[in-house]
Amino acid sequence: MKINPFNPIHLRKISKIINYKIDEFIGHFYDLEKTLSQLDTRPPSLNFELTNICNAKCVFCGYQYQERAKSIMSEQVFNKALADYIDLGGGDIFLTPIVGDSLLDPNFLNRVYTFRKEPKIRDIRLITNGILLDRFGIEEVVRSGINGIFISTAGFQEEMYQRVYRNNSYQRMRDNVLALLETRERLGIPLDITIGLRSDRPLVEVMKDPDFQPILKYKPEIDFTWSFYDFGGKIKESDLLGTMKMRQVAADKKTQPCKNLYDGPIVLPEGVVMACYCAAAMDAIEDLSIGNIMNESLREIWTGYQRQKLIDQFEKDGNLNPTCSACTAYRNLDFYRSSKGRRFGSENEARVKGEKIDSSYHERLHY
C-alpha cells in the first residue's frame, strides 16, 4: 500500500509512529533492565483464548491451516487462570485468541461479567470480526463492562469482504458494527471502538465506499494495515491479495528478546499457557508452551525455567527455537523503553506491592 502523507488517516498513523519513535529514543537514557525486571515478577496482563474456533476464513490468517483441536475453554481452566491472576494483583485482560473469535464461546458475555465483578481487573479488551455481536445483544455487550472492541474487517464493500474474509455474513457484520456505534452514543458509555481495516484495495478507495459512510459519521477510531504475518510459514505471499504484503523480519535483527515474551502469557482452552500470543504461536505448543494452568500456579509458570529459556536464547548464542527463528511477528524491546512501556513496568511492580493502580485506560501496543 502506498502511503499518502496528505490522507488524514495516513497522516495520523505517521504522526503516531514519529512520536512513538521519539519517545523510544528518549527511553534509551532510562534503565531498560529495571523495567524488564519489574515485568519478570508477575504477568503484567493476561490473555484468554476462550476458543480457537472461527467463523471466517481470512486469506491472511493461519486459522485455515490450524492443526490444534478446536475447543472452547472449560470453566475449570477459566476459573483457575482468573483466580491465579487475581491472587497476583490482577490487571488488564485480553480476550483475543491466537486464532479464532471469542464470540463463538457461548459463555462469552458471562465471562466478561465475571471479569468485571473483580475490583482488581482493569481493562477488558477484544479483537473480533463482529459477526456474532448480536448473538448476545448489542446493548448487553456495550453495558457489559468491556473497555475496548477492535473490529477486524476487510472494510464495508460486500465483494471485497467476501474475497478477503471468505464469509457470507457481510450484512450481519455491517449491521452489528453500526448498531454498536449507535448504541454506544445513545447510552453515553465510554467504550473504545476501533475499525481495523484489512483490505486488498487502497485505503483512499475503501474509505469512500458507500456502506462505510454511515459508520464513519460516528467517528470510530480507524486502524489499517497492509503488512501481514506468515503464521509460522503457513501463509505465503501468494495467499495475499491486491495491496496486501507479507511482513518481513530478517533473522539478524533478532538480537534481543522479543517484546511478546514480556507482555503477558496466553491461556489456551485446554489450560496450556503460551509465553507468546503472536500469530506464529498458533500450533507451536512444543516451542512456546511454558506450563499448564491446571498443574502449576500462574506465578510459577511466568517466573519458571521455560519462559526464561526463551528469553535467554536471544542473548546467549542466538540459536533460536524454530518458531522464534522464523517468526515474522517479532518485535524488539523498544516499547519498554518508551514512557508507556516504563509505566507498564512500574504499574506491575506496584501490583506486586499491593498498591492501588489508576483505573483509567492503559494504552498498550497490543494490536
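The values are calculated or read from the model by the stated rules, or taken from the named source; none is laboratory data. It should be emphasised that the depicted structure is a prediction, and the values quoted were computed from it without experimental measurement. Backbone-built Cβ (ideal geometry, glycine too); neighbour counts: all protein chains shown. Only protein heavy atoms, including side chains, enter the accessible area calculation; ligands, DNA and RNA are left aside. Shrake-Rupley method; radii C 1.70, N 1.55, O 1.52, S 1.80 Å.
When residue 144 is tested against (1) under 23 Å from residue 275 (Cβ atoms); (2) polar (S, T, N, Q); (3) open to solvent by less than 10 Å² (accessible area, probe 1.4 Å), just one condition goes unmet, and that condition is (1). Just one of (1) touching a residue at least 40 places away in the same chain (Cβ under 8 Å); (2) surrounded by fewer than 17 Cβ atoms within 10 Å (Cβ to Cβ); (3) hydrophobic (A, V, I, L, M, F, W, C) fails for residue 216. It is (1).
Kindly establish whether residue 30 is more than 30 Å from residue 168 (Cα to Cα), open to solvent by 10 Å² or more (accessible area, probe 1.4 Å), modelled with pLDDT under 95 and in a loop (DSSP other than H, G, I, E, B).
Working: more than 30 Å from residue 168 (Cα to Cα): yes; open to solvent by 10 Å² or more (accessible area, probe 1.4 Å): yes; modelled with pLDDT under 95: yes; in a loop (DSSP other than H, G, I, E, B): yes.
Considered against the rule, which asks whether it is more than 30 Å from residue 168 (Cα to Cα), open to solvent by 10 Å² or more (accessible area, probe 1.4 Å), modelled with pLDDT under 95 and in a loop (DSSP other than H, G, I, E, B), residue 30 comes out as yes.
On inspection, residue 142 qualifies as in contact (Cβ under 8 Å) with a residue 40 or more places away in the chain, over 16 Å from residue 198 (Cβ atoms), in a helix (DSSP H, G or I) and β-branched (Val, Ile, Thr). Within the stretch 59-93, the set of residues being under 17 Å from the mean Cα position of the chain (by Cα) and either farther than 22 Å from residue 355 by Cα or basic (Lys, Arg) (or both) comprises 60, 61, 62, 63. Apart from one condition, residue 199 fits all of (1) within 30 Å of residue 226 (Cβ to Cβ); (2) part of a helix (DSSP H, G or I); (3) open to solvent by less than 20 Å² (accessible area, probe 1.4 Å); (4) not β-branched (Val, Ile, Thr); the exception is (2). Number of residues in the stretch 162-176 that are in a helix (DSSP H, G or I) and touching a Phe, Trp or Tyr at 6+ places or on another chain (Cβ under 8 Å) equals 5.
Selection within the stretch 93-107: residues that are over 14 Å from residue 71 (Cα atoms) and free of Cβ contacts under 8 Å to residues at least 60 places away in the same chain. The member of this set that is surrounded by the most Cβ atoms within 10 Å (Cβ to Cβ) is 93.
Taking the stretch 319-331 as the range and being assigned to a loop (DSSP other than H, G, I, E, B) and open to solvent by 60 Å² or more (accessible area, probe 1.4 Å) as the test, the residues that pass are 319, 331.
The set of residues from the stretch 36-84 being in contact with a strand residue (DSSP E or B) (Cβ under 8 Å, 6 or more places away or on another chain), open to solvent by 30 Å² or more (accessible area, probe 1.4 Å) and small (Gly, Ala, Ser) comprises just one member, 71. Quick check on residue 35: is it among the hydroxyl-bearing types (Ser, Thr, Tyr), under 26 Å from residue 258 (Cβ atoms) and not in a loop (DSSP other than H, G, I, E, B)? Considered against the rule, which asks whether it is among the hydroxyl-bearing types (Ser, Thr, Tyr), under 26 Å from residue 258 (Cβ atoms) and not in a loop (DSSP other than H, G, I, E, B), residue 35 comes out as yes.
Can you tell me which residues in the stretch 250-274 are modelled with pLDDT of 95 or more, among the aliphatic types (A, V, I, L, M) and open to solvent by 10 Å² or more (accessible area, probe 1.4 Å)? Listed by number, the list holds a single entry, 272. What about residue 347, is it over 17 Å from the mean Cα position of the chain (by Cα), over 16 Å from residue 43 (Cα atoms) and either assigned to a helix (DSSP H, G or I) or at pLDDT 95 or above (or both)? The answer is no for residue 347. A search for C-beta distances below 7 Å between a residue of the stretch 284-305 that is closer than 14 Å to residue 85 by Cβ and any residue that is open to solvent by 50 Å² or more (accessible area, probe 1.4 Å) and basic (Lys, Arg), counting only pairs 6+ apart in sequence or on different chains, returns 293/80.
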